[in-house]
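Below is one structure; the comments refer to it alone.
Here, each number is a calculation from the coordinates, and none is a lab measurement. Bear in mind the structure is a predicted one, so any value in this text is a computation, not a measurement. Counting neighbours? That spans all protein chains shown, and the Cβs are built from the backbone with ideal geometry, glycine included.
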Amino acid sequence: MEAKKSMSPIQWAKSRKGQKALICVGFMIIPLLLLFVFTYFPFAEMVKFSFYKMKYTTPVEKRVFVGWKNYIDVFRRDDCFGALKLSLFYVAGALIQLVLALYLATILSFKVKGGNFFKGLMFFPYLISGIAIGFIFKFFYTRGFVLDTILQWCGFELENLPFWLKDQAVNNWSLVATSVWRYFGQNMVLFIGAIMSVDAELYEAADLDGANKFQQFIYIILPSIKTIVTLNIILSITGSLSAFEQPYVITDGANGTGTYFVIMNEIAHTSQKVGLASAMAVVLLMIIFVCTILQNLFFKYVFRDASSEDESYKAKKARLKAEKAAQKAKKGAV
Amino acid sequence: MIKIGKKSYTPLGILWIIVEYVSLIFFGLCAVVPVVSCVITAFKTETEYQQTNVMTLPESWLNFDNFVKAFNTANMGRAFLNSVIVMVCVLVVSVILGTQLAYVLNRFKFPGNNLIRNLYLFASLLPAVAMQVTVFNIMSALHLVNTLYGYIIMMCGTDVISIYIFIQFMENIPVSLDESAIIDGASYWTIYWKIMLPLLKPAIVTSCILKGVGVYNEYYCANLYLMDKKLHTIARCLYTFVGPMGSQYNLICAGVIISLLPALIVFILCQKQIYSGIAAGAVKG
């Protein structure tokens, strides 16, 4: 202890311990600085602002402290909290998207002609920017344009078709469909990855036993990828709560398509009610936070047995490997 | 691909094969029709666009006028340059910072290690759009609004996923490698630079793909922070088509297609890496 204290700073810097401390500080200071400046400081500010009535340009001394009023407004104003109901559309869309992705992933995991081509086709929308998708679908849904033309080819009359983006009965579904179009390929690729990681011997065995594809799906594929499917269901719920891009770029929130974030964005940057917008953001963060905690509890509860199964599976694999190695060694010896 | 040796041609099996291909073709078409309709329209002249149905093929597939016009009117050349600058800077900086942070978090035990990990985990829960309500304030206070470097700094700061990919990958690099290097007298910097970074290459490719797609397509923050026309990135630049070109969809479609081309080329060239990148990015949940 004494010796260390008497070390000069340069000596200390050259010692292992000193090097360790220097590298820790040196490697972490910039990322942590960025994390605090662009995540935690704004987060703290947001909580603070949510208690004030203010604009971006209001000088600090003129901001009015209003207590919980902004929060009460969030729940009272129809446009704020009511907008959360819209996320139910997106939840429904997300579920459809998952089923679709799972179905197509199952097909593409087995040998099909042109499988890679179809996979690429369905995945590519994920790489298109939200704004380009906005234009593509504004064009797609315009009266008498792409969608209407295709439906007319199928025998529908133009007069019977709704205005896809104006008619309040369908416009949210149109937007949800866009979101499904954009993300289902990504989900599919994810599921294909999960299905591929299942031991191929299982399929061979099932095939020998005469199991058809449907049985293989129910008894082999589904159980082995249930973790990733559940994870995606839960993620899609939090994702649906924060649905933003499609309504923002396609309809700009008009005709009752303004989701929670679209409204929040407008309140913050157009009407400059920063306090109210902050309160909205905090409320949604709380909801997402609660969802995440529930998700973790759910996982602990549902999959507490699964981990032990996993272990036995791993053990089995290890044993098989060992046996194979032993056989090889034997062959070598002979 | 899962290959099964024996082929069964029972009636049910044949029916299933038909169902398979019908659904593949149907959903493949669903995925591609919106984009194809855009391509068709982009090749039409003004009169053609007004007189023919949107799904009628253009008279000439060599009519590039719309592309040239869209490219020049919206100054897309400049926008591409800006996008490339932003992407290169963000990717380089976030790879360096991300790998360094992951190295420290994964290899050293110190008080606060877990706290920092949890801080990043919690940060990933905060939706970016909501955060901009107050980040906007900070950006103005730091005089970073309306500058390319300000936008770049902000994009580097919100990086959580790549750090997780790096940490996960590093867990599979044996510590004995570090130890033997230390015995040989290597400093921690040398270990990071000469051992870790080269071994992390696959993880770096993955994170660059995920981050690259995100940065190239990002327009919400670009819209907030890059007002000056000279600073527009490609996604932000597309946004300007709303105003002056109104409903001239033949021009808008041409602009959209131009903005898609780089993504399409990269996708065709590195499909495999992109697919595995998506799978790896999802594991962190």
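Structure above, values below:
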{"quantity": "Ranked by how many other beta carbons lie within 10 Å on average, peptides A:241-247, A:54-60 from highest", "calculated": "A:241-247, A:54-60"}
{"quantity": "Solution diffusion estimate, µm²/s, Stokes-Einstein, region A:1-105, Kirkwood Rh from C-alpha pairs, 25 °C, viscosity 0.890 mPa s", "calculated": "123 µm²/s"}
{"quantity": "Given A:Lys111/B:Lys201; A:Lys17/B:Lys211; A:Lys138/A:Lys273; A:Lys113/A:Lys213, the pairs whose alpha carbons are separated by over 27 Å", "calculated": "A:Lys111/B:Lys201; A:Lys17/B:Lys211; A:Lys138/A:Lys273"}
{"quantity": "DSSP H segments from chain A that extend 15 Å or more along their own axis, Cα-based, with Kyte-Doolittle mean of 1.0 or above", "calculated": "A:16-35, A:87-109, A:130-141, A:222-241, A:274-302"}
{"quantity": "Estimated vicinal HN-Hα couplings, Hz - region B:106-116 in sequence order (Karplus 6.51, -1.76, 1.60; Gly, Pro = x)", "calculated": "7, 9, 10, 9, 8, x, x, 4, 5, 4, 5"}
{"quantity": "Summed residue charge, Cβ within 15 Å of B:Ala263's Cβ, Lys/Arg positive, Asp/Glu negative", "calculated": "+1"}
{"quantity": "Contact order normalised by residue count of chain A, Cα under 8 Å, 6+ apart, percent", "calculated": "27 percent"}
{"quantity": "Shielding score for A:107-116, defined as the mean number of other chain Cβ atoms within 10 Å", "calculated": "4"}
{"quantity": "Whole-number percent relative contact order across region A:219-281, with pairs defined as alpha carbons under 8 Å at least 6 apart", "calculated": "19 percent"}
{"quantity": "Assigned charges on the beta-carbon of Lys, Arg, Asp, Glu; chain B dipole about Cα centre (debye)", "calculated": "400 debye"}
{"quantity": "Inter-chain shielding of B:96-105 (mean C-beta neighbours from other protein chains, 10 Å cut-off)", "calculated": "4"}
{"quantity": "Sequence-distant residues sharing a close amide H with A:Tyr52 (under 5 Å, placed H)", "calculated": "A:Val66"}
{"quantity": "Highest average packing first - A:206-217, A:279-290, Cβ atoms within 10 Å", "calculated": "A:279-290, A:206-217"}
{"quantity": "Volume of the Cα convex hull of region A:71-333, divided per residue and given in Å³", "calculated": "187 Å³"}
{"quantity": "Label-point gap, in nm, between A:Glu204 and A:Gln272 - each point 7 angstrom along Cα→Cβ", "calculated": "7.1 nm"}
{"quantity": "Phi to ³J(HN,Hα) by Karplus 6.51 cos²θ - 1.76 cosθ + 1.60 over region B:177-186, Hz, x for Gly, Pro", "calculated": "4, 4, 4, 5, 5, 5, 4, 6, x, 6"}
{"quantity": "Per-residue Cβ neighbour rank within 10 angstrom, fewest leading, B:Tyr239, B:Tyr188", "calculated": "B:Tyr239, B:Tyr188"}
{"quantity": "Over 22 Å (Cα to Cα) - which of A:Lys48/A:Lys85; A:Lys85/A:Lys119; A:Lys20/B:Lys194 fall in this group", "calculated": "A:Lys48/A:Lys85; A:Lys85/A:Lys119"}
{"quantity": "Farthest toward positive dipole pole in chain B [+1 Lys/Arg, -1 Asp/Glu at C-beta], among B:Val242, B:Tyr188, B:Leu15", "calculated": "B:Tyr188"}
{"quantity": "Cysteines, the protein assembly as shown, no other Cys beta-carbon under 4.7 Å", "calculated": "A:Cys24, A:Cys80, A:Cys154, A:Cys291, B:Cys30, B:Cys89, B:Cys156, B:Cys208, B:Cys221, B:Cys237, B:Cys270"}
{"quantity": "Partner chain coverage, peptide A:252-261 - average Cβ within 10 angstrom", "calculated": "1"}
{"quantity": "Summed side-chain charge close to A:Ser179 - residues other than A:Ser179 whose Cβ falls under 15 Å, Lys, Arg +1, Asp, Glu -1", "calculated": "+1"}
{"quantity": "Computed over the protein assembly as shown, the ratio Rg/Rh where both radii use C-alpha atoms and Rh is Kirkwood", "calculated": "0.99"}
